[in-house]
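Encoded as structure tokens, the structure appears first; notes follow it.
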Amino acid sequence: MKVGQNLTIDGYGTLNAVAGATPVASATVLGGIKVGANLFIDGYGVLSAPAPSGGAGANAPSVFSFVVDFAGSDPTAVASLPSGWTSAIAGDQITITHNVGSPLRHISYWGYSASGSVNNYRLPSASNAVTIPAAAVNTQFVFVINTAVCGADTNGSARIEVLF
């Protein structure tokens with residue numbers, strides 16, 4: 001066996017990584033980074049930044065994501081919501097209250113399938129619609145979801161992406 005860089009084999013044959021072996025990332029070096037100001041990492045490890053506000057970027061779409069967990073095929077929890085957002089689950093219907101200040105433009109689902117080690121991209125359908133309450137156009141949306149709708153495994157999870 002040939003031992004690569006930043007690895008050791010002890011007297012018992014155990015392979016060990018040398019502490020601090022991950023280099024700092026740069027334009028030419030693949031390495032570790034730290035999450036800085038105005039950035040966040042969601043439950044799937046996706047690094048995101050909020051959309052610009054004011055100036056030329058004021059009309060740029062804002063994209064957010066969060067995670068829905070399932071028990072069996074039904075949603076049981078919503079996690080990694082953006083700051084100031086809340087959720088309520090009633091059966092297979094999830095109501096999201098947000099502070100974006102504009103109506104939802106688009107929603108998509110990325111259901112995780114462990115059996116195929118893939119994320120399945122899905123959109124709402126007529127029978128599993130997304131609605132926006134007339135009295136809360138700029139602060140709320142409601143969607144119907146289960147594992148079949150989003151392509152997730154039973155007892156799995158899905159990342160939900162929304163665009164305003």
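As a footprinting exposure proxy, order PHE66, PHE143, PHE40 by other Cβ within 10 Å, with the fewest listed first.
On the way: PHE66 20, PHE143 23, PHE40 14.
Lowest count first: PHE40, PHE66, PHE143.
With a sphere of radius 15 Å drawn around the Cβ of LEU81, what net charge do the other residues whose Cβ falls strictly inside it have (Lys, Arg +1; Asp, Glu -1)? Don't skip to the answer; put the middle values down first.
Working: positive: ARG159; negative: ASP42, ASP69, GLU161.
Overall, the nearby charge balance is -2.
By count of other Cβ within 10 Å, fewest leading, how are THR97, THR28, THR147, THR8 ordered? Each step should come with its number before you reach the end.
On the way: THR97 15, THR28 5, THR147 23, THR8 10.
Lowest to highest Cβ neighbour count: THR28, THR8, THR97, THR147.
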Fill in the blank from the handout: In deg cm²/dmol, rounded to the nearest 500, the helical mean residue ellipticity at 222 nm of the chain, built from -39500 (n - 2.57) for every DSSP H run of length 4 or more, is -500 deg cm²/dmol
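Considering only DSSP beta bridges whose two residues both sit in the chain, what percent are antiparallel, to the nearest 5? Present the calculation step by step, with values, prior to reporting the outcome.
On the way: 41 of 42 bridges.
Among the beta bridges of the chain, antiparallel pairing accounts for roughly 100 percent.
Taking Cα pairs under 8 Å and at least six residues apart, what relative contact order does the chain come out at, in percent?
On the way: 311 pairs, mean separation 35.1, N = 164.
About 21 percent, as a whole number.
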Completion exercise
Answer in debye to the nearest 20: the dipole magnitude of segment 55-163 about its Cα centre, from +1 Lys/Arg and -1 Asp/Glu charges placed on Cβ, is 260 debye
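Would you mind ranking TRP85, TRP110 by Cβ crowding within 10 Å, fewest neighbours first?
On the way: TRP85 17, TRP110 21.
By the 10 Å Cβ count, ascending, the order reads TRP85, TRP110.
Any read-out appearing in this document is the output of simple, stated calculations on the displayed coordinates, not a laboratory observation. What you see is a predicted model, and the numbers here were worked out from it, not measured in a lab. All Cβ positions, even for glycine, are placed from backbone atoms using ideal geometry, and neighbour counts span all protein chains on display.
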